[in-house]
Amino acid sequence: MPVRFDLLALSRRLSAKFALVSLMAIIAITFVTFTARAWRHKVNSTAKQDGVTQPLSARDRLHSRLALQPEADKQRRRLGRRFLAPGREVSIMLGTIALGSDRYAVRIVRSRDDDDERLTIALNGGGQTLAWSGLNGALSSGAEATGSLRALAERLALDSPDQFVLAQLRGAAYFTVARDVRPAEAGGANNYTGPRWDLVRVTEPVSVGQNKPRSSWRLYYINTSTGLIDKVISQEQGQTITAEFSNWTDMGGEIVSTHVTWKLDKQVVMDLVVTSTAINPKQGY
(Lines give C-alpha, C1' and ligand atoms only; values in the text may rest on other atoms or scores of the structure.)
Protein backbone atom coordinates (compact mmCIF):
# COMPACT_ATOMS: atom_id res chain seq x y z
CA MET A 1 0.00 0.00 0.00
CA PRO A 2 2.72 2.64 0.81
CA VAL A 3 4.36 1.90 -2.54
CA ARG A 4 1.06 2.31 -4.32
CA PHE A 5 0.41 5.61 -2.49
CA ASP A 6 3.83 6.92 -3.50
CA LEU A 7 3.27 6.00 -7.13
CA LEU A 8 -0.11 7.68 -7.12
CA ALA A 9 1.33 10.82 -5.55
CA LEU A 10 4.22 10.83 -8.01
CA SER A 11 1.80 10.46 -10.92
CA ARG A 12 -0.21 13.40 -9.66
CA ARG A 13 2.92 15.53 -9.27
CA LEU A 14 4.10 14.62 -12.78
CA SER A 15 0.68 15.44 -14.23
CA ALA A 16 0.67 18.82 -12.49
CA LYS A 17 4.20 19.51 -13.69
CA PHE A 18 3.28 18.52 -17.25
CA ALA A 19 0.24 20.79 -17.20
CA LEU A 20 2.38 23.70 -15.96
CA VAL A 21 4.98 23.11 -18.69
CA SER A 22 2.25 22.90 -21.35
CA LEU A 23 0.70 26.16 -20.13
CA MET A 24 4.06 27.90 -20.23
CA ALA A 25 4.67 26.57 -23.77
CA ILE A 26 1.29 27.88 -24.95
CA ILE A 27 2.01 31.29 -23.43
CA ALA A 28 5.43 31.38 -25.10
CA ILE A 29 4.05 30.42 -28.52
CA THR A 30 1.29 33.04 -28.23
CA PHE A 31 3.81 35.71 -27.27
CA VAL A 32 6.11 34.85 -30.18
CA THR A 33 3.21 34.85 -32.66
CA PHE A 34 1.92 38.21 -31.40
CA THR A 35 5.42 39.69 -31.51
CA ALA A 36 5.98 38.45 -35.09
CA ARG A 37 2.67 39.91 -36.24
CA ALA A 38 3.42 43.22 -34.56
CA TRP A 39 6.86 43.28 -36.16
CA ARG A 40 5.46 42.58 -39.63
CA HIS A 41 2.86 45.32 -39.16
CA LYS A 42 5.59 47.71 -38.14
CA VAL A 43 7.71 46.80 -41.16
CA ASN A 44 4.74 47.28 -43.49
CA SER A 45 3.94 50.71 -42.08
CA THR A 46 7.48 52.08 -41.98
CA ALA A 47 10.25 52.88 -44.41
CA LYS A 48 14.02 53.10 -43.96
CA GLN A 49 15.63 56.44 -44.63
CA ASP A 50 19.41 56.78 -44.17
CA GLY A 51 19.43 53.62 -42.10
CA VAL A 52 16.74 54.91 -39.70
CA THR A 53 13.26 53.39 -39.72
CA GLN A 54 10.59 56.08 -40.06
CA PRO A 55 6.78 55.94 -40.40
CA LEU A 56 5.49 56.08 -43.96
CA SER A 57 4.50 59.61 -44.94
CA ALA A 58 1.23 60.47 -46.68
CA ARG A 59 3.14 60.87 -49.93
CA ASP A 60 4.78 57.45 -49.57
CA ARG A 61 1.38 55.86 -48.92
CA LEU A 62 0.03 57.60 -52.02
CA HIS A 63 2.80 56.17 -54.19
CA SER A 64 2.15 52.68 -52.84
CA ARG A 65 -1.55 53.05 -53.75
CA LEU A 66 -0.56 53.92 -57.32
CA ALA A 67 0.81 50.38 -57.66
CA LEU A 68 -2.51 48.63 -56.97
CA GLN A 69 -3.45 48.22 -60.66
CA PRO A 70 -0.73 46.33 -62.59
CA GLU A 71 -1.27 48.15 -65.91
CA ALA A 72 -1.36 51.55 -64.21
CA ASP A 73 1.75 50.64 -62.23
CA LYS A 74 3.66 49.81 -65.42
CA GLN A 75 2.54 53.06 -67.02
CA ARG A 76 3.55 55.26 -64.08
CA ARG A 77 7.06 53.78 -64.13
CA ARG A 78 7.32 54.50 -67.85
CA LEU A 79 6.19 58.13 -67.57
CA GLY A 80 9.12 59.38 -65.50
CA ARG A 81 9.75 60.47 -61.94
CA ARG A 82 6.52 62.31 -61.15
CA PHE A 83 4.76 59.11 -60.01
CA LEU A 84 7.77 57.53 -58.34
CA ALA A 85 9.11 60.13 -55.91
CA PRO A 86 7.64 62.85 -53.67
CA GLY A 87 8.04 66.53 -54.44
CA ARG A 88 6.73 66.28 -58.01
CA GLU A 89 2.97 66.60 -57.46
CA VAL A 90 2.27 69.63 -59.69
CA SER A 91 2.73 69.65 -63.48
CA ILE A 92 2.53 72.96 -65.35
CA MET A 93 2.19 72.73 -69.12
CA LEU A 94 2.29 75.64 -71.55
CA GLY A 95 1.31 75.46 -75.19
CA THR A 96 -1.35 76.21 -77.76
CA ILE A 97 -4.72 74.65 -78.33
CA ALA A 98 -6.86 74.78 -81.46
CA LEU A 99 -10.64 74.45 -81.30
CA GLY A 100 -11.88 74.32 -84.83
CA SER A 101 -10.53 77.48 -86.49
CA ASP A 102 -9.84 79.23 -83.18
CA ARG A 103 -6.40 79.04 -81.55
CA TYR A 104 -5.53 79.90 -77.95
CA ALA A 105 -2.50 80.03 -75.70
CA VAL A 106 -3.14 77.52 -72.91
CA ARG A 107 -1.75 76.92 -69.44
CA ILE A 108 -2.68 73.60 -67.81
CA VAL A 109 -1.88 72.88 -64.18
CA ARG A 110 -2.31 69.28 -62.97
CA SER A 111 -2.16 68.98 -59.17
CA ARG A 112 -2.20 65.57 -57.47
CA ASP A 113 -4.13 64.93 -54.24
CA ASP A 114 -4.48 61.83 -52.07
CA ASP A 115 -7.77 60.92 -53.79
CA ASP A 116 -7.21 62.03 -57.41
CA GLU A 117 -6.11 65.03 -59.44
CA ARG A 118 -7.24 68.61 -59.96
CA LEU A 119 -6.79 70.68 -63.11
CA THR A 120 -6.96 74.37 -63.88
CA ILE A 121 -7.02 75.44 -67.52
CA ALA A 122 -6.38 79.06 -68.49
CA LEU A 123 -6.85 80.27 -72.06
CA ASN A 124 -5.09 83.36 -73.41
CA GLY A 125 -3.49 84.29 -70.11
CA GLY A 126 -6.55 83.69 -67.96
CA GLY A 127 -9.36 85.16 -70.04
CA GLN A 128 -11.22 81.86 -69.67
CA THR A 129 -10.53 79.62 -66.67
CA LEU A 130 -11.76 76.06 -66.40
CA ALA A 131 -11.25 73.49 -63.68
CA TRP A 132 -11.74 69.77 -63.26
CA SER A 133 -11.56 67.35 -60.36
CA GLY A 134 -12.73 63.82 -59.71
CA LEU A 135 -15.07 65.14 -57.02
CA ASN A 136 -16.63 68.17 -58.72
CA GLY A 137 -16.25 67.37 -62.41
CA ALA A 138 -15.82 70.18 -64.93
CA LEU A 139 -16.30 73.75 -63.71
CA SER A 140 -16.29 77.11 -65.47
CA SER A 141 -15.71 80.15 -63.24
CA GLY A 142 -16.83 78.06 -60.26
CA ALA A 143 -20.09 76.83 -61.82
CA GLU A 144 -20.82 73.57 -63.61
CA ALA A 145 -19.36 73.69 -67.11
CA THR A 146 -21.63 72.85 -70.03
CA GLY A 147 -21.40 72.33 -73.76
CA SER A 148 -18.04 72.84 -75.46
CA LEU A 149 -16.38 74.08 -72.27
CA ARG A 150 -17.25 70.87 -70.45
CA ALA A 151 -16.00 68.82 -73.39
CA LEU A 152 -12.74 70.78 -73.42
CA ALA A 153 -12.12 70.30 -69.68
CA GLU A 154 -12.95 66.60 -69.68
CA ARG A 155 -10.82 65.85 -72.73
CA LEU A 156 -7.76 67.60 -71.29
CA ALA A 157 -8.29 66.00 -67.89
CA LEU A 158 -9.27 62.45 -68.76
CA ASP A 159 -7.72 61.75 -72.16
CA SER A 160 -4.38 61.67 -70.43
CA PRO A 161 -1.64 59.19 -69.49
CA ASP A 162 -1.64 60.78 -66.03
CA GLN A 163 -5.31 59.94 -65.55
CA PHE A 164 -4.67 56.37 -66.67
CA VAL A 165 -2.44 56.14 -63.59
CA LEU A 166 -4.54 58.21 -61.17
CA ALA A 167 -8.08 56.99 -61.95
CA GLN A 168 -7.51 54.05 -59.58
CA LEU A 169 -7.43 56.47 -56.63
CA ARG A 170 -11.10 57.35 -57.10
CA GLY A 171 -12.18 53.74 -57.57
CA ALA A 172 -12.18 53.40 -61.36
CA ALA A 173 -12.20 49.81 -62.68
CA TYR A 174 -9.44 48.52 -64.99
CA PHE A 175 -10.01 45.69 -67.45
CA THR A 176 -7.55 44.37 -70.04
CA VAL A 177 -9.69 43.84 -73.13
CA ALA A 178 -7.02 42.33 -75.38
CA ARG A 179 -3.26 42.02 -75.80
CA ASP A 180 -0.95 42.37 -78.78
CA VAL A 181 -3.69 43.80 -81.01
CA ARG A 182 -2.88 45.22 -84.44
CA PRO A 183 -5.06 47.44 -86.65
CA ALA A 184 -7.86 45.80 -88.60
CA GLU A 185 -6.40 46.92 -91.93
CA ALA A 186 -3.30 44.80 -91.24
CA GLY A 187 -5.45 41.70 -91.57
CA GLY A 188 -3.55 38.46 -91.18
CA ALA A 189 -0.43 39.61 -93.04
CA ASN A 190 2.67 37.79 -91.83
CA ASN A 191 4.95 40.68 -92.80
CA TYR A 192 3.16 43.30 -90.67
CA THR A 193 5.70 45.43 -88.74
CA GLY A 194 3.51 48.28 -87.52
CA PRO A 195 2.34 49.07 -83.96
CA ARG A 196 0.66 46.57 -81.69
CA TRP A 197 -1.31 47.44 -78.60
CA ASP A 198 -2.59 46.17 -75.29
CA LEU A 199 -6.13 47.51 -74.83
CA VAL A 200 -7.15 48.52 -71.31
CA ARG A 201 -10.62 49.82 -70.50
CA VAL A 202 -10.99 52.19 -67.53
CA THR A 203 -14.56 52.58 -66.26
CA GLU A 204 -15.66 55.42 -64.00
CA PRO A 205 -16.89 54.40 -60.52
CA VAL A 206 -20.67 54.11 -60.14
CA SER A 207 -20.52 56.31 -57.05
CA VAL A 208 -19.72 59.39 -59.14
CA GLY A 209 -22.53 61.94 -58.75
CA GLN A 210 -24.21 64.33 -61.16
CA ASN A 211 -20.86 65.75 -62.27
CA LYS A 212 -19.70 62.43 -63.70
CA PRO A 213 -17.91 62.61 -67.09
CA ARG A 214 -19.98 62.46 -70.25
CA SER A 215 -18.14 59.25 -71.15
CA SER A 216 -18.40 56.57 -68.46
CA TRP A 217 -15.40 54.69 -69.86
CA ARG A 218 -12.19 55.14 -71.82
CA LEU A 219 -10.29 52.58 -73.88
CA TYR A 220 -6.52 53.06 -73.81
CA TYR A 221 -4.26 51.74 -76.58
CA ILE A 222 -0.86 51.03 -75.01
CA ASN A 223 1.93 50.46 -77.52
CA THR A 224 3.61 47.13 -76.75
CA SER A 225 6.99 48.37 -78.03
CA THR A 226 7.22 51.73 -76.25
CA GLY A 227 4.93 51.04 -73.28
CA LEU A 228 3.31 54.44 -73.92
CA ILE A 229 -0.27 55.33 -74.81
CA ASP A 230 -0.89 55.89 -78.52
CA LYS A 231 -4.58 56.76 -78.32
CA VAL A 232 -7.68 56.90 -76.12
CA ILE A 233 -11.21 56.21 -77.33
CA SER A 234 -14.32 57.45 -75.51
CA GLN A 235 -17.90 58.46 -76.26
CA GLU A 236 -19.62 61.80 -75.86
CA GLN A 237 -23.38 61.77 -76.26
CA GLY A 238 -23.22 58.70 -78.48
CA GLN A 239 -20.35 59.99 -80.64
CA THR A 240 -16.94 58.34 -80.64
CA ILE A 241 -13.97 60.57 -79.79
CA THR A 242 -10.38 59.47 -80.44
CA ALA A 243 -7.44 61.22 -78.78
CA GLU A 244 -4.12 60.46 -80.49
CA PHE A 245 -0.78 61.01 -78.71
CA SER A 246 2.50 61.67 -80.53
CA ASN A 247 5.89 63.37 -80.18
CA TRP A 248 6.70 61.79 -76.83
CA THR A 249 9.54 63.82 -75.31
CA ASP A 250 11.75 63.61 -72.23
CA MET A 251 11.34 66.96 -70.44
CA GLY A 252 13.60 67.00 -67.40
CA GLY A 253 13.07 63.33 -66.62
CA GLU A 254 9.34 63.38 -67.38
CA ILE A 255 8.00 61.61 -70.48
CA VAL A 256 5.35 63.85 -72.06
CA SER A 257 3.34 63.70 -75.28
CA THR A 258 3.81 67.15 -76.79
CA HIS A 259 1.10 66.73 -79.43
CA VAL A 260 -2.44 65.44 -78.82
CA THR A 261 -5.13 65.44 -81.50
CA TRP A 262 -8.82 64.74 -80.90
CA LYS A 263 -10.93 63.41 -83.77
CA LEU A 264 -14.64 62.94 -84.21
CA ASP A 265 -15.38 60.53 -87.07
CA LYS A 266 -11.80 61.07 -88.35
CA GLN A 267 -12.27 64.85 -88.42
CA VAL A 268 -9.97 66.90 -86.17
CA VAL A 269 -12.01 68.85 -83.59
CA MET A 270 -9.28 69.78 -81.10
CA ASP A 271 -5.48 69.92 -81.15
CA LEU A 272 -2.98 70.53 -78.33
CA VAL A 273 0.72 71.34 -78.74
CA VAL A 274 2.81 71.46 -75.54
CA THR A 275 5.87 73.70 -75.67
CA SER A 276 7.13 73.37 -72.08
CA THR A 277 6.51 71.40 -68.91
CA ALA A 278 7.57 72.20 -65.34
CA ILE A 279 7.27 69.86 -62.34
CA ASN A 280 6.97 71.31 -58.82
CA PRO A 281 6.16 70.13 -55.30
CA LYS A 282 2.72 70.83 -53.95
CA GLN A 283 2.78 73.49 -51.26
CA GLY A 284 2.04 72.13 -47.80
CA TYR A 285 1.91 68.56 -49.05
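The values are calculated or read from the model by the stated rules, or taken from the named source; none is laboratory data. The model shown is predicted, which means the values in this text are computed figures rather than measured ones. Cβ: placed from backbone, ideal geometry, glycine included. Neighbour counts: every protein chain shown.
Within the stretch 182-206, the set of residues being at pLDDT 95 or above and of a type in the set (A, V, I, L, M, F, W, C) comprises W197, L199, V200, V202.
One residue stands out in the stretch 249-285 among those that are of a type in the set (A, V, I, L, M) and closer than 21 Å to E71 by Cα: the one that is surrounded by the fewest Cβ atoms within 10 Å (Cβ to Cβ), namely I255.
Table: residues versus (1) more than 19 Å from the chain's Cα centre (by Cα); (2) farther than 26 Å from P86 by Cβ.
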{"position": "Y221", "(1), (2)": "no, yes"}
{"position": "V232", "(1), (2)": "no, yes"}
{"position": "N247", "(1), (2)": "yes, yes"}
{"position": "G253", "(1), (2)": "no, no"}
{"position": "V256", "(1), (2)": "no, no"}
{"position": "P281", "(1), (2)": "no, no"}
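Any residue at all in the stretch 60-78 that is in the same structural domain as T249 (by TED's automatic domain parsing), part of a strand (DSSP E or B), under 15 Å from the mean Cα position of the chain (by Cα) and at pLDDT 85 or above? No: the stretch 60-78 contains no residue that is in the same structural domain as T249 (by TED's automatic domain parsing), part of a strand (DSSP E or B), under 15 Å from the mean Cα position of the chain (by Cα) and at pLDDT 85 or above.
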